[in-house]
Amino acid sequence: MSSRGPTPAQLGYRMPAEWEPHAATWLTWPRQNGISFPERFDKIPAYWVAMCNLLSPDEEVHVNVFDEAQEEEIRAHLNRGGVRMGERVFLHRFPAYEPWCRDHGPIFVVNDATGKLAVVDWNYNAWGGKYPPYDLDDAVPQHVAKLLELPLFEPGIILEGGAIDVNGKGTLITTESCLLHKNRNPALSKEEIEAYLRDYLNLKQILWLGDGIEGDDTDGHVDDLTRFVNATTVVTVVEEDPADANYRKLQENLKRLRSMRDQDGNLFRIVTLPMPGIVEHEGQRLPASYANFYIANKTVLFPVFDHKNDRMATATLQDLFPNRKVVPIPCLDLIWGLGAFHCITQQQPAAGGKK
């Protein structure tokens, strides 16, 4: 364990749920010479323009930029897209090689008693060292904490934001296939990893699913599987076709969920979402999932895949968010990068404590 002083939990910080009020959303703009979108990059900046337009009326949007040349390019995209810079959308020269801000960006925690924020800076190794270099991506939380003049906590272990989901009341859900993979923290036991999560995110209950979906190069991030939509309800994806490779593993996760309990010992309400079938490009199966949505202050950015289940999945989620507009956005180009809206966003909670 880190010996650098009191942990966030000891100081009264906790990780808020995604639906709690945001001050901002953080994004990292993709690079044309990055590796995430080979041969399709020309269609990708439009997603970031759309996010700025959809999110900025209700919260600030902060965008990490690689260098001066990219900043000029981004400003041109945003201007063409009608985004009003300098009022709700801000660019920062905090370079990262790839755009997956959920995983390399800061994890914010809040102290409800004081209303103060802090940043937890987990180490980042590009999903088990798969895509070097990643030193710049790993440094992003430090830049953000310095900009916002926030305390910075450094657990010293590998963890990506997409690997966890919390209900804001003390319960976290994750997967064995990712957090226990030997390419992350091979010297740590399950119990030791749980201790870090409790200490740095202020948790009472940690729940473990099994495997992730086919095509997921993160080793099974939970944000493609199961998400909290309020403190007592989860949505989880299921595959209807028994011949599909996802069928068994998603049924196993559903079985586990049905016996799981929250921090107060209560069973969860479980709502199922279908899967969008097999989405492939050049023979490669892609990790298309309706679970990879992003909950903003007044909207939910929802990935759809030109599949017959798009409408039903959108309607199911809209029923769960009566006070937000669920916005379905076609993602067949975005998913070629092996992620969707949750993977490319990171929320900054509003200061001021619980609301």
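What follows is calculated from the coordinates using simple rules that are stated; it is not laboratory data. What you are looking at is a predicted structure, and each value in this text was computed from that prediction instead of being measured. Note that we place each Cβ from the backbone using ideal geometry, even for glycine, and neighbour counts take in every protein chain shown.
Remarks
- All-pairs Cα distance distribution in the chain, expressed in whole percent, bin size 20 Å: 32, 62, 6
- Three-way shape label, region 181-269, alpha-carbon gyration tensor, a/c 1.5: oblate
- Potential lengthening of the chain between Arg261 and Glu280 amounts to 3.2 nm, from the contour at 0.36 nm per residue minus the alpha-carbon distance.
- Across Asn123, Asn183, Asn202, mean-square fluctuation computed from a Gaussian network of the chain (C-alpha pairs under 10 Å connected) peaks at Asn183.
- Protection proxy ranking, peptides 320-333, 301-314, average beta carbon neighbours within 10 Å, highest first: 301-314, 320-333
- Label zone at Arg75, where the point sits 7 Å out along the Cα-to-Cβ direction: region 11-37 residues whose backbone N lies under 11 Å: none
- Take the Cα of Asn183, step 7 Å toward its Cβ, do the same at Ala50, and the gap between the two points is 2.9 nm.
- Using 0.36 nm per residue and subtracting the Cα-Cα separation, the extra length available between Asp241 and Ala315 on full extension is 24.5 nm.
- Ordering of 226-239, 154-167 by packing is 154-167, 226-239, highest average first (other Cβ atoms within 10 Å, averaged per residue).
- The distance linking region 44-112 with region 314-352 is 16 Å (Cα centroid to Cα centroid, whole angstrom).
- Springs between Cα atoms under 10 Å define the GNM used for the chain, and in it the highest mean-square fluctuation of Tyr97, Tyr124, Tyr247 occurs at Tyr247.
- Peptides 169-181, 62-74, 23-35 ranked from most to least packed give 169-181, 23-35, 62-74, packing being the mean of other C-beta atoms within 10 angstrom over each peptide's residues.
- Beyond 28 Å in Cα-Cα separation lie the following of the pairs Lys249/Lys308; Lys116/Lys182; Lys169/Lys298: Lys116/Lys182.
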